[in-house]
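Colleague: Sharing a structure here in structure tokens format.
The values are calculated or read from the model by the stated rules, or taken from the named source; none is laboratory data. Nothing here was measured: the structure is a model prediction, and the numbers come from that model. Backbone-built Cβ (ideal geometry, glycine too); neighbour counts: all protein chains shown.
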Amino acid sequence: MRYPPKYTVESVTAGHPDKVCDQISDAILDAMLAQDPLSRSGVEAFGSHGTLMIGGEVRTNAKVDFESIARKIYKDIGYDDELEVLIRIAQQSGDIAMGVDTGGAGDQGIMYGYATDETPEFLPRGVVLAHALARRLEAIRRDGTLPWLGPDGKTQVTIDNGRVVTVLSSAQHSESVGLEEVRAGLTKHLFEAVLGDISAMEVLVNPTGRFVQGGFMADAGLTGRKIMVDTYGGLISHGGGCFSGKEGMKVDRSASYMCRFVAKNLVAAGLGKQCLVSVAYAIGRAEPLMIEAVNEKDEDLSPFVAKHFDFRPRAIIERLGLTRPIFLQTATYGHFGKPGLPWEEIVL
């Protein structure tokens with residue numbers, strides 16, 4: 001569970017092509033849940049060089065215009081290039097439905113949740129700072145502080161024994177702006193604004209020297225390709241399943257949220273300075289195959305967790321209110337550490 005004293009984590013802005021796809025998937029999910037809270041969804045998006053394809057499986061009574069939702073998200077993020085949209089949405093397989101409808105898990109797999117008392121967000125400091133930088137990078141574009149910034153961008157932080165030693169931003173910019181102006185603007189309005197005194201840090205800005213073309217025009221995007229940005233920066237184990245576009249019976253998402261909820265509550269209750277919770281499922285079966293919880297001393301907290309928390313999919317959905325249209329807000333800057341999300345509540 002302990003991550004090394006020196007580590008690096010990254011975050012990305014809302015305009016990163018993978019995150020565009022995550023937002024489209026979750027906006028579609030929210031639209032379905034707003035009309036039909038019992039909707040089933042496994043929606044994914046793939047964007048590349050002027051084309052966006054939305055695919056997957058749903059079962060819903062909602063009437064949703066997938067293309068209109070996607071185009072609105074794309075425009076709201078800040079892109080105005082032409083986009084051909086292809087829809088390939090099918091009905092959920094009856095083979096899956098007959099197991100899920102009885103309360104069983106929507107898939108097999110292993111899910112993890114983690115919390116640490118290192119920060120008020122109960123997340124590793126590097127993760128918090130990487131997201132703070134990415135949020136700020138988007139904010140100074142939207143508020144006009146640096147109007148030459150584009151929607152696409154990435155941030156990265158290297159921590160060594162608790163000290164920030166290297167920070168990095170790759171930020172899309174207009175063609176009329178040179179590297180020195182980009183570096184000066186980001187040094188003042190991004191790095192110093194978030195980190196304060198950066199004189200002892202190595203600061204890297206657009207290491208290739210130029211970042212004019214971004215989004216789908218420069219790179220492909222895919223739902224679920226930023227699962228480490230979404231969770232714990234790669235410092236903690238990940239079961240491999242992405243979150244965006246999936247409703248609560250998909251335990252890739254719901255059980256990961258529940259594991260985070262439990263881990264955070266264990267730390268908040270003083271049962272550990274760090275806690276890692278893991279759970280495993282078989283498709284169509286409600287009872288987990290495994291529930292494990294340990295703290296930084298490798299003390300087994302599993303009996304306490306099994307007694308106080310119900311990990312059956314329907315119980316998770318009920319406890320965390322996962323039939324509500326609350327998921328678009330999770331599609332950028334991490335699924336954890338944000339106030340107001342039900343799996344971030346402290347109840348112990």
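Colleague: Considering (1) among the β-branched types (Val, Ile, Thr); (2) assigned to a loop (DSSP other than H, G, I, E, B); (3) in contact with a strand residue (DSSP E or B) (Cβ under 9 Å, 6 or more places away or on another chain); (4) under 21 Å from VAL251 (Cβ atoms), say which one VAL305 fails and leave the rest.
Modeller: Result: VAL305 passes all but (2).
Colleague: Can you name the condition, by its number, that ALA134 falls short on among (1) in a loop (DSSP other than H, G, I, E, B); (2) more than 30 Å from ALA269 (Cβ to Cβ)?
Modeller: Condition not satisfied by ALA134: (1).
Colleague: Name the residues in region 148-166 that are out of contact with any strand residue (DSSP E or B) (no Cβ under 8 Å at 6 or more places or on another chain) and outside any strand (DSSP E or B), would you?
Modeller: Of region 148-166, the ones out of contact with any strand residue (DSSP E or B) (no Cβ under 8 Å at 6 or more places or on another chain) are 162-163.
Passing the criteria: only GLY162.
Colleague: Which of the residues spanning region 213-266 are β-branched (Val, Ile, Thr) and closer than 18 Å to LEU301 by Cβ?
Modeller: We begin by selecting, within region 213-266, every residue β-branched (Val, Ile, Thr); these are 223, 227, 229, 231, 236, 251, 262.
ILE236, VAL262, listed by residue number.
Colleague: Quick one: count up the residues across region 1-16 that are surrounded by fewer than 16 Cβ atoms within 10 Å (Cβ to Cβ) and over 20 Å from GLY113 (Cα atoms).
Modeller: Summing the residues that are surrounded by fewer than 16 Cβ atoms within 10 Å (Cβ to Cβ) and over 20 Å from GLY113 (Cα atoms) in region 1-16 gives 2.
Colleague: Can I ask one more? Inside region 230-267, can you point out the residues that are under 14 Å from the mean Cα position of the chain (by Cα) and β-branched (Val, Ile, Thr)?
Modeller: Within region 230-267, THR231 is the sole residue that qualifies.
Colleague: I'd like the residue in region 273-291 that is in contact with a Leu (Cβ under 8 Å, 6 or more places away or on another chain) and surrounded by fewer than 23 Cβ atoms within 10 Å (Cβ to Cβ) and, out of all such residues, is nearest to SER256 (Cα to Cα).
Modeller: ALA280
Colleague: Could you list, in sequence order, all residues of region 63-96 that are among the aliphatic types (A, V, I, L, M), free of Cβ contacts under 8 Å to residues at least 40 places away in the same chain and over 18 Å from PHE216 (Cβ atoms)?
Modeller: Let us first name the residues in region 63-96 that are among the aliphatic types (A, V, I, L, M), namely 64, 69-70, 73, 77, 83, 85-87, 89-90, 96.
Then drop every residue that is not free of Cβ contacts under 8 Å to residues at least 40 places away in the same chain, which leaves 64, 85-87, 90.
Correct list: VAL64, ALA90.
Colleague: Return the only residue of ALA62, ALA105 being buried (at least 23 other Cβ atoms within 10 Å of the Cβ) and under 21 Å from GLY321 (Cα atoms). I'd like the intermediate steps shown before the answer.
Modeller: On the way: ALA62 fails: buried (at least 23 other Cβ atoms within 10 Å of the Cβ).
The unique qualifying residue is ALA105.
Colleague: May I pose another question? Of all residues being surrounded by fewer than 19 Cβ atoms within 10 Å (Cβ to Cβ) and in contact (Cβ under 8 Å) with a residue 60 or more places away in the chain in region 320-337, which is nearest to the chain's Cα centre (by Cα)? Just the residue, please.
Modeller: At the first step, the residues of region 320-337 found to be surrounded by fewer than 19 Cβ atoms within 10 Å (Cβ to Cβ) are 321, 323-326, 329.
Subset that is in contact (Cβ under 8 Å) with a residue 60 or more places away in the chain: 323-326.
Numbers: THR323: 18, ARG324: 18, PRO325: 16, ILE326: 13 Å.
Ranking the qualifying residues of region 320-337, first place goes to ILE326.
Colleague: Tell me the residue from THR145, THR166, THR158 that is touching a His at 6+ places or on another chain (Cβ under 9 Å), more than 29 Å from VAL251 (Cα to Cα) and either of a type in the set (S, T, N, Q) or modelled with pLDDT under 95 (or both), please.
Modeller: When all the criteria are applied, what remains is THR145.
Colleague: Please give the number of the condition THR60 fails out of (1) in contact with an Asp or Glu (Cβ under 7 Å, 6 or more places away or on another chain); (2) touching a residue at least 60 places away in the same chain (Cβ under 8 Å).
Modeller: Just one mismatch for THR60, condition (2).
Colleague: Quick one: is THR145 surrounded by 15 or more Cβ atoms within 10 Å (Cβ to Cβ), assigned to a helix (DSSP H, G or I) and out of contact with any Ser or Thr (no Cβ under 8 Å at 6 or more places or on another chain)?
Modeller: On the way: surrounded by 15 or more Cβ atoms within 10 Å (Cβ to Cβ): yes; assigned to a helix (DSSP H, G or I): no; out of contact with any Ser or Thr (no Cβ under 8 Å at 6 or more places or on another chain): yes.
Spelling it out, it is not the case that THR145 is surrounded by 15 or more Cβ atoms within 10 Å (Cβ to Cβ), assigned to a helix (DSSP H, G or I) and out of contact with any Ser or Thr (no Cβ under 8 Å at 6 or more places or on another chain).
Colleague: Here's something else I'd like to know. Check VAL167 against each of (1) touching a Phe, Trp or Tyr at 6+ places or on another chain (Cβ under 7 Å); (2) of a type in the set (A, V, I, L, M, F, W, C); (3) touching a residue at least 40 places away in the same chain (Cβ under 8 Å) and name the one condition it does not meet.
Modeller: (3)
Colleague: Another one. In the set ASP252, ASP300, which member is surrounded by fewer than 17 Cβ atoms within 10 Å (Cβ to Cβ), at pLDDT 95 or above and among the acidic types (Asp, Glu)?
Modeller: Working: ASP252 fails: surrounded by fewer than 17 Cβ atoms within 10 Å (Cβ to Cβ).
So the residue among ASP252, ASP300 that is surrounded by fewer than 17 Cβ atoms within 10 Å (Cβ to Cβ), at pLDDT 95 or above and among the acidic types (Asp, Glu) is ASP300.
Colleague: Taking only pairs six or more apart or across chains, which ones have beta-carbon atoms under 7 Å, a first residue in region 183-199 that is free of Cβ contacts under 8 Å to residues at least 24 places away in the same chain, and a second residue that is surrounded by fewer than 16 Cβ atoms within 10 Å (Cβ to Cβ) and in a loop (DSSP other than H, G, I, E, B)?
Modeller: Correct list of pairs: GLU192/ILE198.
Colleague: Those residues that are over 23 Å from TYR7 (Cβ atoms) and assigned to a helix (DSSP H, G or I), I need them from region 193-237; list them, please.
Modeller: ALA193, GLY215, PHE216, MET217
Colleague: Show me the strands (runs of 3 or more DSSP E) entirely contained within region 1-95 in which 3 or more residues are within 18 Å of the chain's Cα centre (by Cα). So that I can check it myself, show each step before the final result.
Modeller: Numbers: elements: 6-12, 40-48, 51-59, 84-91.
The strands (runs of 3 or more DSSP E) meeting that bar are 6-12, 40-48.
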